[in-house]
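Q: Structure below; questions to follow.
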Amino acid sequence: MSAVPVTTSPSDSGAAPPRVVVEQVTPSVDGGRYPVKCLVGEELTVGADVFADGHESVAAAVAVRPAGGDWRQLPMRHAGNDRWLATIRPDRTGLWELDIVAWIDAWTTWRHDAEVKADAGVLEPVDLAIGAQLLADAADRAGPAAADAEHLATLADRLRGTDPASALPAVLGDERVDHLMWHHARTGTATRLDRVRHLDVDRERAECSAWYELFPRSWGPPDRHGTFRDVAEHLPYVAGLGFDVLYLPPIHPIGRTHRKGRNNATAATPTDVGSPWAIGAAEGGHTAIHPDLGTVDDFRFLRDRAAELGLELALDLAFQCSPDHPWVAEHPEWFRARPDGTIQYAENPPKKYEDIYPLDFGTASWESLWTELRGVVQHWIDEGVRIFRVDNPHTKSLPFWDWLIADVRSRDPDVIFLSEAFTRPKVMYRLAKGGFDLSYTYFTWRTSASELRAYLQELTTPPVSWFFRPSFWPNTPDILVPPLTGGSKNAFATRAVLAATLSASWGIYGPAFELMESTARPGADEYLDNEKYQLRTWDLTRAESLAPLVQRLNHIRRDHRALRRNRSLHFHPVDNPHLLAYSKTAGPDRILCVVNVDPDRTQEATVDLDLAVLGVRESDDYVVHDLLGGESWRWRGRRNYVRLDPASETRWPAHVFSVEIERRR
């Protein structure tokens, strides 16, 4: 989308249409319809093609402000071929506005012509008079800035003096003059964007986070429903693994009507606990707490204890109801009625979820429904929750999410929404454009090196990278797929390394992941004896656990800034299709990963490194330190040999290298 005037007919004011063209603005999401995502303090390069007719010079500036705040204007620099760039760094969370202003730069045009004419000996008095007038006009515009106005007026007088030709070098050599002439340029007829662009500026956790999901009811003593207090006692384990987000599935009362039994059985026994996603019972709905988990005070105790250990609490936001939810009786208009008068339960044919009633976002009473759901979110924000994992947002109204997230963030800009949308790519991307900060992805199903490379290149390349932030999960309570189904320890290790290093955000459903639970329910890509429908007992002290590896990965992520961002990801060629080599960089911090995606067989190859991406010169020696295994190797040049042996007891099926350059003098 450009800033060319829509019409060239004379304006009502009589002013000529702007002559400068601004187009190909970057970053931009759908021509400015949706915000570009960035982080507080992150450098964001804004670019545009800027040009005009004729030979006059042009100037351009980026104007930015927090929504409703004061504009700040930064000069753009000419990068060649009419491309102009500027770097901005938003300093607070929330919605920002961005515009580009471009104008005919009379001063730079005059300065260039005057220098050329002076060198050729054809400079005339009228040329100096034109320069003096430009300076005087700028002095008038700088009136409120007295020091600027005085300096510009003095320069104008020098060009109007008795010996203006000798004054020219002094004027052009003045260190302040170009800055002042740009700052006080005549921009009344400047070109501006036809649509102000927006930036969605987030805190760092909106891109970089490590999530640990657990069911509180399984963290008590054997054969007893766990509580918030039980979870609080185990928090040192989760924090010790290096996670910074503790995610809890729905904590609300669970319906009894059509309650599901173990392994999603349609008939439940009196002792079956049901699915937490069948929300609502006589005890309350989405703002209530399941009584077996504890009280509001117990919830607050868990929240505060988590914060003491560096963990932020994330809650599940599942906008659906059990048949026993108070809304069913109080607001039947919020649900879809079938011809026989019954309410439509959830279905994903051939699967049936009789214990869940979807909300009808097409109801004529949509305004009252939206308002009630907004109140649910605010209730938990008031309880100190700033992160929400949203269940199946693609099955709800897209305009609803646009409105809800914008409304929430207008009051609480630090709130983060993670989209659990395992759906079609364009739907997933549209949710991100509408405001979701993070999203589940197809990583779970990408297993080969070529699949992973292609998918990550899509996610980290504009325009997708301007609005979509991935979160990689090797498993979830709903998903257990190859290679984890019946997989080896190395298979779990491989998926952990990939998730933790390819994406700035990753998560696991534990303890099922680190304890390598791998038995699937027959005919389904989900766990047998699924914790969604029953209590489980977990032995966190089990010797065969991936906890040490998970802990190490999270500590590496904390120690290396390169792994906390996505956009620097770069793949390096490998002459073995079972190996994946990639790097991430952040200034002097350089991480190089080589992963064996065939984790149960030894694989060896030569990696052909793009040295420029790593900041390494051909003549440099450099040392690669394996942050997982502790070994180091001295490398030189582009091509280097690697061998990953899954049978080794001292190495994992992957290298996570820190690259240290040794400069030759």
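The values are calculated or read from the model by the stated rules, or taken from the named source; none is laboratory data. This structure is a prediction, so every number in the text was calculated from the model and none was measured. Note: ideal-geometry Cβ built from the backbone for every residue, glycine included; neighbour counts use all protein chains shown. Areas reflect the complete protein model, heavy atoms only, side chains present, ligands, DNA and RNA absent. Shrake-Rupley method; radii C 1.70, N 1.55, O 1.52, S 1.80 Å.
Q: Taking segment 216-241 only, how many residues are open to solvent by less than 20 Å² (accessible area, probe 1.4 Å) and touching a Lys or Arg at 6+ places or on another chain (Cβ under 7 Å)?
A: Qualifying residue count, segment 216-241: 4.
Q: Got a sec? Which of L128, L135 is touching a residue at least 12 places away in the same chain (Cβ under 8 Å) and within 16 Å of D163 (Cα to Cα)?
A: L128
Q: Continuing with this model, one more query. Any chance segment 49-66 includes a residue that's over 22 Å from A406 (Cα atoms), in a strand (DSSP E or B) and under 21 Å from the mean Cα position of the chain (by Cα)?
A: No, segment 49-66 contains no residue that is over 22 Å from A406 (Cα atoms), in a strand (DSSP E or B) and under 21 Å from the mean Cα position of the chain (by Cα).
Q: Could you pull out the residue among E97, E23 that is touching a residue at least 60 places away in the same chain (Cβ under 8 Å), open to solvent by 30 Å² or more (accessible area, probe 1.4 Å), in a strand (DSSP E or B) and on the phi < 0 side of the Ramachandran plot?
A: Testing whether each residue is touching a residue at least 60 places away in the same chain (Cβ under 8 Å), open to solvent by 30 Å² or more (accessible area, probe 1.4 Å), in a strand (DSSP E or B) and on the phi < 0 side of the Ramachandran plot leaves just E97.
Q: Report the residue count in segment 207-228 for those that are hydroxyl-bearing (S, T, Y) and farther than 30 Å from G41 by Cβ.
A: Residues flagged as hydroxyl-bearing (S, T, Y) and farther than 30 Å from G41 by Cβ within segment 207-228 amount to 2.
Q: With (1) modelled with pLDDT of 95 or more; (2) part of a loop (DSSP other than H, G, I, E, B); (3) over 18 Å from L580 (Cα atoms) as the list, and V481 as the residue in question, which single condition is left unmet?
A: The one condition V481 does not meet is (1).
Q: Moving on. Confirm whether T271 is open to solvent by 70 Å² or more (accessible area, probe 1.4 Å) and either out of contact with any helix residue (DSSP H, G or I) (no Cβ under 7 Å at 6 or more places or on another chain) or within 18 Å of K351 (Cβ to Cβ) (or both).
A: So T271 passes the test.
Q: Within segment 345-401, can you find the residues that are part of a loop (DSSP other than H, G, I, E, B) and either among the hydrophobic types (A, V, I, L, M, F, W, C) or under 20 Å from R430 (Cα atoms) (or both)?
A: Hits for segment 345-401 are I356, L359, F361, G362, A364, V385, N392, K396, S397.
Okay, residues lined up against (1) open to solvent by less than 50 Å² (accessible area, probe 1.4 Å); (2) in a loop (DSSP other than H, G, I, E, B):
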position: W403; (1), (2): no, no
position: L418; (1), (2): yes, no
position: T423; (1), (2): yes, yes
position: K426; (1), (2): no, no
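Q: Still on this structure, please answer the following. Only one residue in P599, P573 is surrounded by fewer than 14 Cβ atoms within 10 Å (Cβ to Cβ) and closer than 29 Å to S505 by Cβ. Which one?
A: Just one listed residue meets the conditions, P573.
Q: So which of L315, L293, L311, L302 ends up being closer than 17 Å to L246 by Cβ and either without any contact (Cβ under 8 Å) to a residue 24 or more places away in the chain or over 30 Å from the mean Cα position of the chain (by Cα) (or both)?
A: Just one listed residue meets the conditions, L293.
Q: Then there's this: Give the residue that is nearest to V415 (Cα to Cα), with candidates limited to residues of segment 201-215 that are open to solvent by 10 Å² or more (accessible area, probe 1.4 Å) and part of a helix (DSSP H, G or I).
A: Residue satisfying both the conditions and the ranking: R205.
Q: May I ask you to list the residues in segment 112-129 that are open to solvent by 50 Å² or more (accessible area, probe 1.4 Å), touching a Leu at 6+ places or on another chain (Cβ under 9 Å) and within 18 Å of E175 (Cα to Cα)?
A: E115
Q: Can you name the residue in segment 428-458 that is open to solvent by 10 Å² or more (accessible area, probe 1.4 Å) and small (G, A, S) and, of all such residues, is farthest from W380 (Cα to Cα)?
A: S450
Q: Here is a further query. Quick check: is even one residue across segment 291-312 open to solvent by less than 50 Å² (accessible area, probe 1.4 Å), assigned to a loop (DSSP other than H, G, I, E, B) and closer than 30 Å to P522 by Cβ?
A: Looking through segment 291-312, none of the residues is open to solvent by less than 50 Å² (accessible area, probe 1.4 Å), assigned to a loop (DSSP other than H, G, I, E, B) and closer than 30 Å to P522 by Cβ.
Q: Still on this structure, I have one more. Inspect segment 536-552 for any residue being of a type in the set (S, T, N, Q) and buried (at least 20 other Cβ atoms within 10 Å of the Cβ) and give the result as yes or no.
A: no
Q: Go through segment 571-597 and give me each residue that's part of a loop (DSSP other than H, G, I, E, B) and either free of Cβ contacts under 8 Å to residues at least 24 places away in the same chain or closer than 12 Å to V642 by Cα (or both).
A: D575, N576
Q: Of all residues in segment 600-614 being assigned to a loop (DSSP other than H, G, I, E, B) and either touching a helix residue (DSSP H, G or I) at 6+ places or on another chain (Cβ under 9 Å) or closer than 23 Å to P646 by Cβ (or both), which is modelled with the lowest pLDDT?
A: Within segment 600-614, the match that is modelled with the lowest pLDDT is D600.
Q: Mind checking whether some residue in segment 615-634 is open to solvent by 60 Å² or more (accessible area, probe 1.4 Å), outside any strand (DSSP E or B) and touching a Ser or Thr at 6+ places or on another chain (Cβ under 8 Å)?
A: The answer is no; no qualifying residue exists.
Q: How about segment 466-477: which of its residues are closer than 17 Å to S209 by Cα and assigned to a helix (DSSP H, G or I)?
A: Once the filter is applied, which keeps residues that are closer than 17 Å to S209 by Cα and assigned to a helix (DSSP H, G or I), segment 466-477 yields nothing.
Q: Test P75 against the criterion of being under 30 Å from V40 (Cα atoms), surrounded by fewer than 15 Cβ atoms within 10 Å (Cβ to Cβ), touching a Phe, Trp or Tyr at 6+ places or on another chain (Cβ under 8 Å) and not charged (D, E, K, R), and give yes or no.
A: So P75 passes the test.
Q: Oh, and also: Within segment 80-94, which residues are over 17 Å from V22 (Cβ atoms), in contact with a strand residue (DSSP E or B) (Cβ under 8 Å, 6 or more places away or on another chain) and either acidic (D, E) or crowded, with 19+ Cβ neighbours inside 10 Å (or both)?
A: Of everything in segment 80-94, those that are over 17 Å from V22 (Cβ atoms), in contact with a strand residue (DSSP E or B) (Cβ under 8 Å, 6 or more places away or on another chain) and either acidic (D, E) or crowded, with 19+ Cβ neighbours inside 10 Å (or both) turn out to be P90, T93, G94.
Q: Given the conditions (1) under 21 Å from W403 (Cα atoms); (2) surrounded by fewer than 17 Cβ atoms within 10 Å (Cβ to Cβ), report the number of the one that T461 does not fulfil.
A: (1)
Q: Consider segment 527-551. How many of its residues are under 28 Å from the mean Cα position of the chain (by Cα) and either more than 19 Å from F472 (Cα to Cα) or assigned to a loop (DSSP other than H, G, I, E, B) (or both)?
A: 2
Q: Out of the residues in segment 452-476 meeting the condition of being of a type in the set (D, E, K, R) and touching a residue at least 24 places away in the same chain (Cβ under 8 Å), tell me which one is farthest from Y440 (Cα to Cα).
A: Across segment 452-476, the extreme among qualifying residues is R453.
Q: Looking at A167, A132, A156, A146, can you tell me which residue is open to solvent by 40 Å² or more (accessible area, probe 1.4 Å), among the aliphatic types (A, V, I, L, M) and farther than 19 Å from A59 by Cβ?
A: A146
Q: Here's something else I'd like to know. When segment 242-268 is examined, which residues are found to be crowded, with 22+ Cβ neighbours inside 10 Å, of a type in the set (V, I, T) and farther than 20 Å from L359 by Cβ?
A: V245, the sole residue that qualifies.
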